[in-house]
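Each reported figure results from applying straightforward, stated rules to the coordinates on display, with no laboratory input. Note that the structure is a prediction, hence the values are computed from the model and not measured. Because the Cβ atoms are built from the backbone with ideal geometry, glycine has one as well, and the counts that use them run over all protein chains shown.
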Amino acid sequence: MSPEMAILMFVIALIGGFCITTIGPGGIFVTIALFALLPLDPSTVAGTASATFIATGIVGSLGYLRSGHLGTKEAMKGAFVLSIASVIGAFVGSQINTLLDAATFAVLLGLFVFFTGLLILYRQKNKLAPEKKLQMDTLKGMLYLGGVGIAVGLPGGLLGVGGPVLAVPILVVLGVPMLLSVALAQVQSIFISGMATAGYMIHDAVDWWLALFLVVPLLIGTVGGWMAAQKIRAARLQIFLAVVLVILGVYLMAGGATPGGA
């Protein structure tokens, strides 16, 4: 990796880390950069990205535990159910990934990115801030969280996108407050990324040196994002991010990105 590419990847990871703890979606930029800018196969892209998200999940969880968003019994129970339900999907997704070629991976990643952006835009445009808070400690609430865990775990493991990119928009729509949604997604990300990484390690598809390099800016961004999330209103940032995701999704599906930019 050239010095110029290293700097570019560092900056992308820094921005991604910031977005992870402010609005949820963010780590996906690292996955896209690994695929589009470096000569890596789909399994190594997803495996390496997943490995980096373990660290950001831990740091993000500790930050929101300190701020009190994960300090309640309801939040801890919700995080547990959401995370455990994600594990099976994440492992299965990581195994399916090893069967994909670069073109198929690009289309699937593009579809995921595109529809995630649309989901965020739809939520903002239609003011889908729920009037009632989801009671996570009820049977209904647990079933909802379990469903979200499974739905997020499979693509998280398959594409190496962690969990927050999809979990946060869904949780907010279901009635979980924004910052609590981000907090829960940080805990879930540890389980999704950990299980996915284990799945990719079986196939020797994790570039640990690259993962360690990316963890540094990701963690700096994650801490900075957590601090900013306590003070800023993230609505405009979400809209901007959603538009970028839609554009990147179309770009990926149209074949604009191949491993290493080849």
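On a per residue basis, the convex hull of the C-alpha atoms belonging to the stretch 74-127 measures out at 87 Å³.
Candidates 182, 252, 5 compared by Cα position along the dipole of the chain: farthest toward the positive end lies 182, with charges placed on Cβ.
Contact order for the chain, expressed relative to its length and based on alpha carbon pairs under 8 Å spaced 6+ residues apart, stands at 41 percent.
Dividing the helix sum by the residues of the chain, where each DSSP H run of 4 or more adds -39500 (n - 2.57), gives a mean residue ellipticity at 222 nm of -26500 deg cm²/dmol. Principal-axis analysis of the Cα atoms of the chain puts helix 164-174 at an angle of about 30° to the longest axis. The HN-Hα couplings worked out from phi for the stretch 2-12 by the Karplus form 6.51 cos²θ - 1.76 cosθ + 1.60 (θ = phi - 60°) are 5, x, 5, 5, 4, 5, 4, 5, 4, 5, 4 Hz, whole numbers, x standing for Gly and Pro.
When peptides 216-222, 26-32, 9-15 are ranked by their average number of other Cβ atoms within 10 Å per residue, the highest-first order is 26-32, 216-222, 9-15.
Annotation: average projected area of the chain is 12.2 square nanometres, based on the convex hull of Cα atoms across all directions. Taking a straight line from the alpha carbon of residue 133, these aspartates and glutamates sit under 20 Å away, with near neighbours fewer than eight places off in the same chain left out: 74.
Checking every one of the trypsin sites (Lys or Arg not before Pro) in the stretch 63-117 against DSSP loop status and a limit of 14 other Cβ atoms within 10 Å picks out no site at all. Compute the long axis of helix 73-97 from its Cα atoms, compare it with the longest principal axis of the Cα atoms of the chain, and write down the angle in degrees, 0 to 90, nearest 10. Around 20 degrees separate the two axes.
Projected label points at residue 137 and residue 151, each 7 Å from Cα along the beta carbon direction, are separated by 2.5 nanometres.
For residue 176, the residues 5 or more places off, or on other chains, whose built amide H falls under 5 Å of its own are 134.
The GNM of the chain, with springs linking C-alpha atoms under 10 angstrom apart, assigns the highest mean-square fluctuation among 145, 134, 99 to 99. Build a GNM of the chain with springs between Cα atoms under 10 Å apart, and of 240, 80, 105 the one that fluctuates most is 240. Note on the chain: GNM, Cα springs under 10 Å; of 185, 167, 151, the largest mean-square fluctuation is that of 151. In terms of the Cα gyration tensor, with a ≥ b ≥ c the square roots of its eigenvalues, is the stretch 15-129 rounded because a/c is under 1.5, prolate because a/b exceeds b/c, or oblate? In terms of gyration-tensor shape, prolate.
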